[in-house]
């Protein structure tokens with residue numbers, strides 16, 4: 001197990017390096033740059049600015065300096081767009097916010113989705129099933145950029161119950177709507193996967209054995225059917241976790257939460273190479289870490305898997 | 001009073017295509033302590049009868065009639081009431097021990113929950129009872145099993161666990177649904193002995209549901225024959241086997257292949273040179289084992305030095321238990337996987353290591369028929385297109401019309417109706433699909449066909465038809481066949497010579513008659529003695545040779561010397577037993593005397 005984890009972490013290093021190099025060049029090949037604008041700067045000014053950020057150096061030298069600073073100083077460089085702020089600051093400010101509402105959304109989506117799916121499977125072809133399936137499909141059909149405006153219209157403008165935006169250190173009133181908006185569609189997918197997985201498990205031979213042993217239905221479901229049901233759900237949850245943790249452009253936009261999603265989207269539009277690369281690397285590391293956790297979680301769900 | 005009385009039981013399923021009647025008003029009863037056999041082919045409703053009685057039908061099933069256990073009605077009881085009976089008064093074991101146990105719970109946990117639910121026994125006392133029963137089903141190292149997961153046990157051990165688990169509350173009736181169908185014959189013999197012992201010692205009545213007349217002959221006091229949801233005939237074992245009244249029972253008994261059959265093929269006398277020569281073929285796989293930072297690789301010797309010849313027009317049978325390398329050998333002979341070592345020559349030409357294009361010239365003559373007829377046909381192609389496909393490769397000169405004629409002609413030869421020409425595999429029965437597989441293999445008139453478990457998935461009567469067809473095609477075209485199966489009776493019914501494999505090596509090779517009647521190697525002897533014969537008198541008077549231990553794993557280097565304990569004791573763990581000519585055309589691998597091996 002420990003040998004396996006070490007092996008996976010060693011394998012992660014080249015993965016992240018390839019990710020950095022590939023994103024670095026992809027960005028440079030895209031037309032435009034951080035300092036091109038509708039009113040062109042005087043050539044002398046532009047050259048000065050580019051020299052300040054090292055953009056006048058050959059590409060390989062820029063890449064070398066970038067990697068060198070990350071590895072030896074853990075410094076992702078200054079932002080090209082925001083004066084006096086560097087990438088470390090921007091991530092340190094935005095990530096805790098994204099992480100908070102992201103992790104909450106993940107929890108809500110998983111708990112509600114799995115419960116709905118199980119309820120639907122146990123009461124297969126009854127009104128409970130139809131209701132859960134209907135709810136799941138409706139939820140799946142509502143991406144966060146649709147949910148956002150609907151929630152604000154309902155709870156802020158119409159009912160006046162919740163503040164329309166802001167963060168305020170993550171007080172609960174400010175959390176509710178971002179969490180609902182972000183979790184809804186994932187919840188729908190999770191409910192659907194759980195339902196079909198549990199239906200399959202309930203048809204398997206070992207469930208028949210459990211019934212033949214005279215176990216109460218409750219025991220059959222929770223003790224015998226739940227773990228194998230969750231296996232396919234877990235493989236779906238991995239990527240979802242990474243995605244919600246790094247926040248969402250739309251949630252940040254509608255609810256002015258100030259998370260990382262906004263910084264990411266903004267930096268892509270304004271060619272803020274440093275911020276864009278920094279957040280991409282964060283995504284990469286999170287993905288590798290969560291994939292490892294998912295694979296380790298499998299072993300708990302299925303004893304056949306040994307590392 | 002009868003233990004179980006079933007009256008006018010019917011089972012219906014509502015399906016998308018309308019209602020289906022699975023069981024149509026049957027009556028029977030089981031007396032305390034007796035073994036009742038319920039025999040029938042797939043779809044006869046034999047399993048559904050008992051599923052309905054125990055309230056285990058799927059949600060779309062409906063049962064009506066009456067089922068009384070000890071005089072009280074149990075059909076369609078509410079689940080909590082049924083749960084008091086299931087696992088307590090009535091134990092059940094199922095066909096596939098591989099999937100019948102919950103994969104993520106330890107054996108001990110699965111056994112203890114039965115005691116907890118029915119008797120409220122927990123903790124140390126429960127553990128002692130579980131151990132006690134695991135010992136009684138002769139589970140090796142019982143205490144360790146409690147902490148193991150099902151996948152860590154072999155098929156035979158899992159079935160022992162199932163039996164121990166269902167016996168925990170001393171049920172008065174044990175329902176065994178095809179309990180040995182998925183097991184090797186030597187393991188099957190042990191499980192059947194175990195069940196017979198329980199019946200005698202505990203006085204447990206057994207309802208044995210099976211398709212295998214041999215198993216029934218060995219175990220059952222009374223027999224009910226089922227067909228299409230109804231009872232055809234019932235009687236004592238002697239009555240059913242010696243004077244069957246109904247035509248269906250007679251046909252079923254006639255279709256059963258037996259190792260002592262008189263009309264089985266004899267040694268094929270020919271002066272012809274062998275067409276296929278296999279010389280010391282080896283197939284080793286590298287298995288990744290955990291341990292250390294990067295793990296390590298261990299060779300699995302699936303086939304480890306097998307040599308044989310096949311002459312034109314003869315059938316060579318290959319038998320062995322699971323893991324003996326018979327399918328790997330077939331693939332290596334056809335170069336579908338490249339052998340690790342050794343040579344294969346076809347009509348005197350070596351074919352190992354040839355490039356794909358060169359090999360394709362030989363593929364026309366060398367064909368294979370697989371086990372699962374449905375899975376080995378392309379589901380999106382009509383059966384005529386599947387049969388015609390080899391023609392496109394090897395007979396590009398044919399016009400569309402000629403091709404169609406050839407296919408229609410071949411379909412007729414293998415007994416497929418013309419109207420099936422444009423059907424898809426899922427619209428056909430298993431037997432029909434296997435005929436398609438044979439037609440596809442036959443279409444280019446090959447000289448050799450390898451049948452890899454080609455009839456194992458089929459019902460007995462269909463099995464007999466397919467074997468008849470193969471024998472007829474062989475006589476007509478002078479085909480050579482290599483017939484691979486785990487079922488010795490089936491192999492005997494078609495083979496001139498039989499080769500017995502054990503862990504990738506030949507242990508005995510001789511004509512069918514000799515192998516079945518006068519086997520020399522202890523492994524062959526134990527295999528033959530374990531094969532059930534559909535005749536209660538013979539079956540109950542035979543003496544069985546039980547080798548110590550379970551079927552060994554090919555990863556265990558000591559297992560290869562199971563029949564040479566003297567060499568093992570001398571520390572020669574890498575010794576390879578030689579194949580010695582015992583008589584003309586009869587080869588036996590080196591082995592110690594039987595007594596020495598039985599000492600274990």
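The values are calculated or read from the model by the stated rules, or taken from the named source; none is laboratory data. This structure is a prediction, so every number in the text was calculated from the model and none was measured. Neighbour counts run over all protein chains shown; Cβ positions are idealised from the backbone, glycine included.
Quick one: in the range B:11-31, of everything that is in a loop (DSSP other than H, G, I, E, B) and without any contact (Cβ under 8 Å) to a residue 12 or more places away in the chain, which residue is farthest from residue B:253 (Cα to Cα)? Before the answer, list the steps.
Residues of the range B:11-31 that are in a loop (DSSP other than H, G, I, E, B), as a first pass: B:16-17, B:31.
Subset that is without any contact (Cβ under 8 Å) to a residue 12 or more places away in the chain: B:16-17.
Numbers: B:16: 36, B:17: 34 Å.
The residue in question is B:16.
For residue B:257, indicate whether it is assigned to a loop (DSSP other than H, G, I, E, B) and out of contact with any strand residue (DSSP E or B) (no Cβ under 7 Å at 6 or more places or on another chain). Yes; evaluated as a whole, the condition is true for this residue.
Yes or no, residue by residue, for (1) closer than 27 Å to residue A:286 by Cα; (2) modelled with pLDDT under 90; (3) part of a helix (DSSP H, G or I):
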{"residue": "A:156", "(1), (2), (3)": "no, yes, yes"}
{"residue": "A:161", "(1), (2), (3)": "no, yes, no"}
{"residue": "A:183", "(1), (2), (3)": "yes, no, yes"}
{"residue": "A:194", "(1), (2), (3)": "yes, no, yes"}
{"residue": "A:215", "(1), (2), (3)": "no, no, no"}
{"residue": "A:222", "(1), (2), (3)": "no, no, yes"}
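Scanning the range B:32-59 for residues that are touching a strand residue (DSSP E or B) at 6+ places or on another chain (Cβ under 7 Å), in a loop (DSSP other than H, G, I, E, B) and surrounded by 15 or more Cβ atoms within 10 Å (Cβ to Cβ) yields B:33, B:34, B:40, B:44, B:45, B:54, B:57. Return yes or no: is residue B:47 more than 8 Å from chain A (Cβ to nearest Cβ) and over 29 Å from residue B:183 (Cα atoms)? Judged against the criteria, residue B:47 is not a match.
When you go through A:92, A:121, A:51 one by one, which is the residue that is without any contact (Cβ under 8 Å) to a residue 60 or more places away in the chain and more than 22 Å from the chain's Cα centre (by Cα)? Explain how you work it out, then say what you get.
On the way: A:92 fails: more than 22 Å from the chain's Cα centre (by Cα); A:121 fails: without any contact (Cβ under 8 Å) to a residue 60 or more places away in the chain.
Answer to the check: A:51.
Return the residues of the range B:153-168 that are surrounded by fewer than 21 Cβ atoms within 10 Å (Cβ to Cβ) and in a loop (DSSP other than H, G, I, E, B); say none if nothing qualifies. Listed by number, the residues that qualify are B:153, B:154. Would you confirm whether any residue within the range B:136-152 is within 11 Å of another protein chain (Cβ to nearest Cβ), under 22 Å from residue A:202 (Cβ atoms), surrounded by fewer than 22 Cβ atoms within 10 Å (Cβ to Cβ) and within 27 Å of the chain's Cα centre (by Cα)? The answer is yes, given that some residue of the range B:136-152 is within 11 Å of another protein chain (Cβ to nearest Cβ), under 22 Å from residue A:202 (Cβ atoms), surrounded by fewer than 22 Cβ atoms within 10 Å (Cβ to Cβ) and within 27 Å of the chain's Cα centre (by Cα). For the criterion of being away from chain B (no Cβ under 14 Å), touching a strand residue (DSSP E or B) at 6+ places or on another chain (Cβ under 7 Å) and in a helix (DSSP H, G or I), residue A:274 passes. Per the listing B:77, B:56, B:69, the residue uniquely free of Cβ contacts under 8 Å to residues at least 60 places away in the same chain, within 14 Å of another protein chain (Cβ to nearest Cβ) and within 25 Å of residue B:216 (Cβ to Cβ) is B:56.
Residues in the range B:397-417: is at least one in a loop (DSSP other than H, G, I, E, B), farther than 20 Å from residue B:329 by Cα and under 23 Å from the mean Cα position of the chain (by Cα)? If you could, list the steps in order and put the result at the bottom.
Residues of the range B:397-417 in a loop (DSSP other than H, G, I, E, B): B:397-399, B:414-417.
So of that shortlist, the ones also farther than 20 Å from residue B:329 by Cα come out as B:397-399, B:414-417.
Keeping just the survivors that are under 23 Å from the mean Cα position of the chain (by Cα) gives none.
No, because not a single residue in the range B:397-417 is in a loop (DSSP other than H, G, I, E, B), farther than 20 Å from residue B:329 by Cα and under 23 Å from the mean Cα position of the chain (by Cα).
Considering the range B:260-299, and only residues there that are modelled with pLDDT under 85 and assigned to a strand (DSSP E or B), the residue that is farthest from the other protein chains (Cβ to nearest Cβ) turns out to be B:299.
Of the residues making up the range A:184-240, those that are over 23 Å from residue A:294 (Cα atoms), free of Cβ contacts under 8 Å to residues at least 60 places away in the same chain and more than 9 Å from chain B (Cβ to nearest Cβ) number 2.
Condition test on residue A:265, is it in contact with a helix residue (DSSP H, G or I) (Cβ under 6 Å, 6 or more places away or on another chain), in a helix (DSSP H, G or I) and either within 14 Å of another protein chain (Cβ to nearest Cβ) or surrounded by fewer than 19 Cβ atoms within 10 Å (Cβ to Cβ) (or both)? In short, yes.
Check the range B:438-446 and report whether any residue there is surrounded by 24 or more Cβ atoms within 10 Å (Cβ to Cβ), closer than 30 Å to residue B:40 by Cβ and in the same structural domain as residue B:312 (by TED's automatic domain parsing). No, every residue in the range B:438-446 fails to be surrounded by 24 or more Cβ atoms within 10 Å (Cβ to Cβ), closer than 30 Å to residue B:40 by Cβ and in the same structural domain as residue B:312 (by TED's automatic domain parsing). Checked against the criterion of being assigned by TED's automatic domain parsing to the domain that holds residue A:283, surrounded by 22 or more Cβ atoms within 10 Å (Cβ to Cβ) and in contact (Cβ under 8 Å) with a residue 40 or more places away in the chain, the candidates A:114, A:133 yield just one match: A:114.
Looking at residue A:121, is it more than 17 Å from residue A:54 (Cα to Cα) and crowded, with 18+ Cβ neighbours inside 10 Å?
Details: more than 17 Å from residue A:54 (Cα to Cα): yes; crowded, with 18+ Cβ neighbours inside 10 Å: yes.
So residue A:121 fits the description; yes.
Return the only residue of A:97, A:137 being more than 16 Å from residue A:190 (Cα to Cα) and either in a helix (DSSP H, G or I) or away from chain B (no Cβ under 14 Å) (or both).
A:97
Listed here are the residues, each with its yes/no results for (1) over 17 Å from residue A:276 (Cβ atoms); (2) surrounded by 14 or more Cβ atoms within 10 Å (Cβ to Cβ); (3) touching a residue at least 40 places away in the same chain (Cβ under 8 Å).
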position	(1), (2), (3)
A:24	no, yes, yes
A:59	no, no, no
A:63	no, yes, yes
A:68	yes, no, no
A:79	no, yes, yes
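The helices (runs of 4 or more DSSP H) falling completely within the range B:485-579 that include 3 or more residues that are more than 24 Å from residue B:284 (Cα to Cα) and in the same structural domain as residue B:472 (by TED's automatic domain parsing) map to B:488-494, B:512-517. Every condition in (1) at the interface with chain A (Cβ under 7 Å from one of its Cβ atoms); (2) over 33 Å from the mean Cα position of the chain (by Cα); (3) crowded, with 17+ Cβ neighbours inside 10 Å holds for residue B:84 except the one numbered (3). Filter the range B:93-135 down to the residues that are within 9 Å of chain A (Cβ to nearest Cβ) and closer than 20 Å to residue B:193 by Cβ, then identify the one that is farthest from the chain's Cα centre (by Cα). Looking at residues that are within 9 Å of chain A (Cβ to nearest Cβ) and closer than 20 Å to residue B:193 by Cβ, I get B:93.
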